[in-house]
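Student: Mind looking over this structure? Questions follow.
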């Protein structure tokens, strides 16, 4: 027997109308924030960064691949990991279908991780992904843009130290999944970053770090929000190669 409130069609229509007003309000606010995001000042990137790619070493400017905008997602996959973060992998499962649409709108999309390119290529093949994924191994790139922490920075964060010393069950499971200890693993951070290339100069235009919400969460989170149970309490993100075959 259902434990949820049950009502008439008329009661549903009235409640749905109230919810629609709030959804419209959220859409308006989202559009305002998007406009404010686009109006942020651009910051020239003066430092030279090198990335290892499938085609060989490239600079940040070369990652644009002939387009004027670059959007990158930072996958938590550190040099000492045995595999990428399951949560990041859940996000990445949705990238392949969108790359061509971004490219047609003057946007080059890449993922960036600190793991060596050979580890990235092996994991990418294992997951069946085709989107561009480059390595910043040996570079200060993630540190400079706040997507990785030094040992000193980690030691100065009481919240991080608390998670390392007394991790919740889900975080302990995460450490096992990526194959590293928390003191090393939590130095990495996921998130988005955008750049613009104008008159030969790369500009940093936007960054979005975790914890963040839906933009950092797998797209299926947004789908789950539309069904009665939502995301479900205690659900963890999994890589698509972790799912058991339940079709038999």
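The values are calculated or read from the model by the stated rules, or taken from the named source; none is laboratory data. Treat the numbers as computed from the prediction; the structure is a model and nothing was measured. Here Cβ is always computed from backbone atoms with ideal geometry, including for glycine, and neighbour counts include all displayed protein chains.
Student: On the basis of being at pLDDT 95 or above and not assigned by TED's automatic domain parsing to the domain that holds residue 116, does residue 15 make the cut? So that I can check it myself, show each step before the final result.
Tutor: Details: at pLDDT 95 or above: yes; not assigned by TED's automatic domain parsing to the domain that holds residue 116: yes.
Yes: the conditions hold for residue 15.
Student: For the range 45-65, state whether one or more residues are loosely packed, with under 12 Cβ neighbours inside 10 Å and more than 23 Å from residue 114 (Cα to Cα).
Tutor: No, the range 45-65 contains no residue that is loosely packed, with under 12 Cβ neighbours inside 10 Å and more than 23 Å from residue 114 (Cα to Cα).
Student: Can you tell me which residue among 145, 109 is without any contact (Cβ under 8 Å) to a residue 40 or more places away in the chain and touching a strand residue (DSSP E or B) at 6+ places or on another chain (Cβ under 9 Å)?
Tutor: The match here is 109.
Student: Sticking with this structure for a sec: Going residue by residue through the range 215-237, is there one that turns out to be assigned to a strand (DSSP E or B), surrounded by 11 or more Cβ atoms within 10 Å (Cβ to Cβ) and modelled with pLDDT under 95? Walk me through how you get there before you give the answer.
Tutor: Going through the range 215-237, the residues assigned to a strand (DSSP E or B) turn out to be none.
No: zero hits.
Student: Would you tally the residues in the range 33-66 being out of contact with any strand residue (DSSP E or B) (no Cβ under 7 Å at 6 or more places or on another chain), part of a helix (DSSP H, G or I) and farther than 16 Å from residue 206 by Cα?
Tutor: Number satisfying all stated conditions: 1.
Student: With 106, 144, 181 as the choices, which residue is within 19 Å of residue 59 (Cβ to Cβ) and over 16 Å from the mean Cα position of the chain (by Cα)?
Tutor: 144
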